[in-house]
Amino acid sequence: MSPARAAVLAGWGGALPEQVVTNHEIAARLDTTDEWIRTRTGIRERRKAGPGESTVELAVRAARDALRGGRADAVVLATSTPDQVCPASAPQVAARLGLGTVPAFDVNAVCSGFLYALATAAGFISSGIAQRVLVIGADVFTSLIDPEDRTTVPIFGDGAGALLLRAGDPSESGALGPIDLHSEGEQAELLWVKAGGSRCPVPAEPRERYLVMQGTSVFRQACARMAESSRAVLEQAGWMVGDVDRFVGHQANIRILQATAKQLGLPADAVVANIDRVGNTSAASIPLALADAVAEGTVVPGHKVLLSAFGAGLTWGATLLTWPSLD
Ligand code: UT7
């Protein structure tokens with residue numbers, strides 16, 4: 001049964017740090033090539049946060065766009081790289097936006113975090129806790145990356161994206177459809193930072209504070225899980241695969257996006273990608289890809305848009321909506 005109060009899209013925005021890091025710059029200092037990075041991942045360049053460009057800072061910039069001068073009465077920030085380990089960063093974002101004492105908290109589901117945050121926001125709206133929820137995905141993921149590791153340096157970048165959700169009717173254009181979410185913690189070690197948390201606060205050796213990734217296993221599971229989760233929401237919504245105009249998947253690897261689209265039976269031109277310019281921005285990935293696609297006219301009002309993500313945890317999920325017309 002559909003909830004009486006749906007969460008309806010009412011704004012979006014994105015923000016990137018200034019500094020561009022090209023494949024050529026990485027190839028000049030690590031044992032890799034522009035060609036390897038481009039053909040294995042689809043990435044040409046990514047952004048790297050400089051001094052002052054923290055997660056809070058990028059989140060505030062993306063959120064200002066999404067709010068366009070309006071207000072929100074709750075803030076959910078998806079991040080796994082908060083400005084401090086404690087407290088959460090969302091209250092600082094809310095304060096910087098002048099939102100007063102609204103509820104504000106972080107959600108950490110790494111690369112799937114934005115979908116988890118959307119689900120949380122939709123719950124706040126359907127339960128009546130809030131009317132307008134600002135949902136932000138922001139990460140300075142390069143802060144977790146070993147600068148000497150050629151298997152992760154080329155992949156990850158920094159950024160933020162935001163959507164504003166308001167209370168509305170489930171039949172409205174822009175109403176968030178069914179949401180499918182999952183986790184599989186037994187495989188946490190496939191993609192993790194060993195030290196820095198409560199189990200091991202101080203790294204035994206410096207590299208333990210960096211992300212390690214078993215890329216090939218993650219790759220295979222990402223395709224299968226995103227396809228599975230996408231099928232689940234399509235079925236719940238009563239959409240056929242052929243109804244989907246755009247597939248906005250977590251931007252981890254262009255080959256993952258293409259393979260997932262193929263598994264679903266979607267045409268290649270349904271795939272929305274900005275990974276060539278931003279790399280994998282973790283929780284920022286989906287809202288940033290949406291903001292870019294709208295700016296470029298790749299996603300337009302009336303499009304049926306399927307969103308899906310997979311990442312560390314492991315976590316994954318999907319949701320969908322019809323893109324609204326906002327004047
Ligand atoms: O955000 C969500 C989580 N992350 C992901 O979804 C990432 C998923 N994984 C991937 O995108 C891919 O697995 C990678 C892009 C990370 C790697 O691509 P791959 O096709 O799976 O390559 P591979 O790891 O199997 O490595 C192939 C070869 C290896 O050499 P050998 O063992 O075949 O001699 C690697 O050592 O490529 C080598 N390699 C590199 N060579 C040049 C790994 N990284 C690099 C590099 N430059 N940067």
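The values are calculated or read from the model by the stated rules, or taken from the named source; none is laboratory data. These figures come from a predicted structure and were not determined experimentally. For neighbour counting, all protein chains shown are included, and Cβ atoms are generated from backbone atoms with ideal geometry for every residue, glycine included. These accessible areas exclude ligands, DNA and RNA; they are computed on the full protein's heavy atoms, side chains included. Shrake-Rupley method; radii C 1.70, N 1.55, O 1.52, S 1.80 Å.
Only one of (1) within 26 Å of LEU144 (Cα to Cα); (2) open to solvent by less than 30 Å² (accessible area, probe 1.4 Å); (3) in contact (Cβ under 8 Å) with a residue 60 or more places away in the chain; (4) under 21 Å from the mean Cα position of the chain (by Cα) is not met by LEU67, so which one is it?
Every listed condition holds for LEU67 apart from (1).
Residue under question is GLY177, and the condition is that it be under 18 Å from PHE114 (Cβ atoms) and of a type outside the set (S, T, N, Q); does it hold?
Values: under 18 Å from PHE114 (Cβ atoms): yes; of a type outside the set (S, T, N, Q): yes.
Yes.
If a residue has to be touching a helix residue (DSSP H, G or I) at 6+ places or on another chain (Cβ under 7 Å), closer than 28 Å to VAL153 by Cα and in contact (Cβ under 8 Å) with a residue 40 or more places away in the chain to count, how many in segment 262-279 make the cut? First the steps, then the outcome.
Keep residues of segment 262-279 that are touching a helix residue (DSSP H, G or I) at 6+ places or on another chain (Cβ under 7 Å), which gives 263-266, 268, 270-275, 278.
After this cut, where a residue has to be closer than 28 Å to VAL153 by Cα as well, the list is 268, 271-275, 278.
Next, from what is left, pick out any that are in contact (Cβ under 8 Å) with a residue 40 or more places away in the chain: 273, 275, 278.
Residues flagged as touching a helix residue (DSSP H, G or I) at 6+ places or on another chain (Cβ under 7 Å), closer than 28 Å to VAL153 by Cα and in contact (Cβ under 8 Å) with a residue 40 or more places away in the chain within segment 262-279 amount to 3.
Pick out the one residue from GLY174, GLY159, GLY168 that is closer than 28 Å to ARG71 by Cβ and within 16 Å of the ligand (Cβ to nearest atom).
GLY159
Residue under question is SER325, and the condition is that it be at pLDDT below 95 and either at negative phi or out of contact with any Lys or Arg (no Cβ under 9 Å at 6 or more places or on another chain) (or both); does it hold? Write out each step before concluding.
Values: at pLDDT below 95: yes; either at negative phi or out of contact with any Lys or Arg (no Cβ under 9 Å at 6 or more places or on another chain) (or both): yes.
Yes: the conditions hold for SER325.
Of all the residues that make up segment 203-226, how many are in a helix (DSSP H, G or I) and either under 17 Å from the mean Cα position of the chain (by Cα) or near the ligand (Cβ under 10 Å from one of its atoms) (or both)?
Applying the first criterion (in a helix (DSSP H, G or I)) to segment 203-226 yields 206-209, 215-226.
Remaining after also requiring either under 17 Å from the mean Cα position of the chain (by Cα) or near the ligand (Cβ under 10 Å from one of its atoms) (or both): 215-223, 225-226.
Residues flagged as in a helix (DSSP H, G or I) and either under 17 Å from the mean Cα position of the chain (by Cα) or near the ligand (Cβ under 10 Å from one of its atoms) (or both) within segment 203-226 amount to 11.
For ARG166, all conditions in the list (1) in a strand (DSSP E or B); (2) touching a Phe, Trp or Tyr at 6+ places or on another chain (Cβ under 9 Å); (3) not hydrophobic (A, V, I, L, M, F, W, C) hold save one; what is the number of the exception?
Among (1) in a strand (DSSP E or B); (2) touching a Phe, Trp or Tyr at 6+ places or on another chain (Cβ under 9 Å); (3) not hydrophobic (A, V, I, L, M, F, W, C), ARG166 violates only (2).
So if I check each of VAL271, VAL305, VAL294, VAL299, which one is out of contact with any Phe, Trp or Tyr (no Cβ under 6 Å at 6 or more places or on another chain) and aliphatic (A, V, I, L, M)? Steps first, please.
Working: VAL271 fails: out of contact with any Phe, Trp or Tyr (no Cβ under 6 Å at 6 or more places or on another chain); VAL305 fails: out of contact with any Phe, Trp or Tyr (no Cβ under 6 Å at 6 or more places or on another chain); VAL299 fails: out of contact with any Phe, Trp or Tyr (no Cβ under 6 Å at 6 or more places or on another chain).
Exactly one of VAL271, VAL305, VAL294, VAL299 is out of contact with any Phe, Trp or Tyr (no Cβ under 6 Å at 6 or more places or on another chain) and aliphatic (A, V, I, L, M), namely VAL294.
Among the residues of segment 37-64, what is the count of those that are part of a helix (DSSP H, G or I) and touching a residue at least 12 places away in the same chain (Cβ under 8 Å)? I'd like the intermediate steps shown before the answer.
Step one: filter segment 37-64 for residues part of a helix (DSSP H, G or I), giving 37-41, 55-64.
Those still in the list that are touching a residue at least 12 places away in the same chain (Cβ under 8 Å) too: 37-38, 40-41, 55-56, 58-64.
The total comes to 13.
Among the residues of segment 80-108, count how many are among the acidic types (Asp, Glu) and within 19 Å of LEU67 (Cα to Cα). Working first, answer last.
Our first condition is that a residue be among the acidic types (Asp, Glu); within segment 80-108, this holds for 83, 106.
Narrowing further to those that are within 19 Å of LEU67 (Cα to Cα): 106.
Selection size over segment 80-108: 1.
Among the residues of segment 285-327 satisfying the criterion of being within 11 Å of the ligand (Cβ to nearest atom) and not in a strand (DSSP E or B), which is most open to solvent (accessible area, probe 1.4 Å)? Talk me through it step by step, then tell me what you get.
Of segment 285-327, the ones within 11 Å of the ligand (Cβ to nearest atom) are 285, 309-316.
This time we only want the ones that are not in a strand (DSSP E or B), so: 285, 312-314.
On the way: SER285: 2, ALA312: 8, GLY313: 33, LEU314: 1 Å².
Among residues in segment 285-327 that are within 11 Å of the ligand (Cβ to nearest atom) and not in a strand (DSSP E or B), the one most open to solvent (accessible area, probe 1.4 Å) is GLY313.
Within segment 89-96, identify whether any single residue is outside the structural domain of THR281 (by the TED database), of a type in the set (A, V, I, L, M), within 16 Å of the ligand (Cβ to nearest atom) and in a helix (DSSP H, G or I), and answer yes or no. Lay out the reasoning, then the answer.
Quick first cut of segment 89-96, residues outside the structural domain of THR281 (by the TED database) only: 89-96.
Narrowing further to those that are of a type in the set (A, V, I, L, M): 90, 93-95.
Cutting the leftovers down to within 16 Å of the ligand (Cβ to nearest atom) gives us none.
Within segment 89-96, not a single residue is outside the structural domain of THR281 (by the TED database), of a type in the set (A, V, I, L, M), within 16 Å of the ligand (Cβ to nearest atom) and in a helix (DSSP H, G or I).
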